[in-house]
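Asks: This is the structure I want to talk about, given as structure tokens.
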Amino acid sequence: MVDAASSLGIDKLRIASAGIFLELRERLVRHRELGYESGFEEPDLDLRTDPARLMPGVRSIIAIAVAYPSKLKGAPVSEPGKRRGILSRSAWGEDYHQALRRRLAKLDEWIKERVPGATTMSMVDTGALSDRAVAERAGIGWSGKNCSTITPELGSWVYLGEMLTDLPLPADESIPEGCGDCTICIDACPTGALVGPGQLNAQLCISYVTQTKDTIDERMMEKIGNRLYGCDTCQIVCPVNRKIDVRHHGELIPDPEVAKPLLRPLLAMGNREFRETFGGTSAAWRGRKPIQRNALIALGNFKDKESVPDVARVLREDPRPALRSTAAWALGKIGGEEAERSLTAALAAEKDGEVAASIGKALERV
């Protein structure tokens, strides 16, 4: 099976036992007690840690990893009036959920051609099991201090998936932890979300915050910078990841204009255009609202005066309070007479109390 992995588009394939993930369950309980969950996880901890609850009769888990690019070749320049945001590398190219499901489907065919009666169940990211816990048990990589699975050959620039099966496959051994005394990722985290080695407070993680849909507090907006979706800081600084840029999967090669899009056009983008532009990426799953809110934040952080008319239009016309509040903050950050006039006019017309409060704060800043 390992020998066939490459022909199936899989970069690493290893086998894990299907026993309960007892240590993981203990960590998840502590994580919940501390309030570190994002809310995107499967809430049932038994489903997250006991493969047999998902597939009765499971005897083995096949873990796979597929490498993705870490460098944006031909990246367009961000400049005044034409400022750009950035998607995290996990959202470059084709939606990895689809890319990995396609590979797992091929693996399923490969197995059933040889063992017709085999039972399988595949998962990628949205399944109940922890992809990282499975990968680490199987020896795909070790658990990094940045909470990523780090492979010796490909760094942490890998997508993970798994297949449960009733086949009694020999399990591979896990590999030793390779971070040593290094704490570069923890030190570099913009918000302190990495509260300790392998311990993440998702509520502070920019990757999580950029995917939420509501207003964001001012401190976090300033930390987001020009990130439209996700955050790669803890992976970029990782010494293991240096110089690794795997580009042999064509569908995962990013379009620079999608990975690093112009910000101002995003503000007026409708649902149809959003789907046409971003629908094939993993950044589309939460819809356009978070991306547009984050574009407003980025323009504010850039203090891009040329964008004031576009931001003011959102403040004046957008029906979504969270975007109007964010637009007010952005205008306050940008400053200048035009921004002040727009804020003053909007305050006179605004009927939402929270938005009006945001406009008032922005006027104080101006």
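Asks: Calculate how steeply helix 96-114 sits against the longest principal axis of the alpha-carbon atoms of the chain, using the helix alpha-carbon long axis, and give the answer as 0 to 90 degrees to the nearest 10.
Replies: 10
Asks: Quick one: compute the contact order of the stretch 70-228, relative version, from alpha carbon pairs under 8 angstrom and 6+ residues apart, as a percent.
Replies: Working: 171 pairs, mean separation 35.8, N = 159.
Reported as a whole number, the value is 22 percent.
Asks: Please say if the stretch 10-123 is rounded, prolate or oblate, where rounded means a/c under 1.5 for a ≥ b ≥ c the square roots of the C-alpha gyration tensor eigenvalues, and otherwise the choice is prolate for a/b larger than b/c and oblate otherwise?
Replies: Since a/c reaches 1.5 but b/c is at least a/b, the shape of the stretch 10-123 is classed as oblate.
Asks: Here's something else I'd like to know. By count of other Cβ within 10 Å, fewest leading, how are GLU317, GLU94, GLU177 ordered?
Replies: On the way: GLU317 11, GLU94 18, GLU177 15.
Starting with the residue having the fewest Cβ neighbours, the order is GLU317, GLU177, GLU94.
Asks: Return a whole-number percent for the relative contact order of the chain, with Cα pairs under 8 Å and 6 or more residues apart as the contact set.
Replies: 20
Asks: If you put +1 on each Lys and Arg Cβ and -1 on each Asp and Glu Cβ, how big is the dipole of the chain around its Cα centre, in Debye rounded to 20?
Replies: Details: 50 positive and 51 negative charges, 158 e Å.
Roughly 760 debye for the chain.
Asks: How big, in percent, is the set of alpha carbon pairs in the stretch 61-177 lying more than 20 Å apart?
Replies: Here the tail beyond 20 Å accounts for 51 percent of pairs.
Asks: How large is the helix-only mean residue ellipticity at 222 nm for the chain, computed as the sum of -39500 (n - 2.57) over DSSP H runs with n ≥ 4, divided by its residue count, in deg cm²/dmol to the nearest 500?
Replies: The per-residue figure over the chain is -11500 deg cm²/dmol.
Asks: Which residue, VAL77, ILE216, TRP142, has the largest displacement toward the positive end of the dipole of the chain when charges sit on each Cβ (Lys, Arg +1; Asp, Glu -1)?
Replies: The residue sitting farthest along the positive end of the dipole is VAL77.
Asks: In Å³ and rounded to a whole number, note down the convex hull volume per residue for the Cα atoms of the stretch 172-277.
Replies: On the way: hull volume 18.7 nm³, N = 106.
It comes to 176 Å³ per residue, whole-number rounded.
Asks: Evaluate Rg over Rh across the stretch 182-242, taking Cα atoms for both radii and Kirkwood's formula for Rh. Walk me through the numbers before you get to the answer.
Replies: Values: Rg = 11.7 Å, Rh = 12.1 Å.
The Rg/Rh ratio comes out at 0.97.
Bear in mind that the values in this text are calculations on the coordinates, not laboratory data. Given the structure is predicted, the values throughout are model-derived calculations rather than measurements. Glycine gets a Cβ as well: all are built from the backbone with ideal geometry, and neighbour counts include every protein chain shown.
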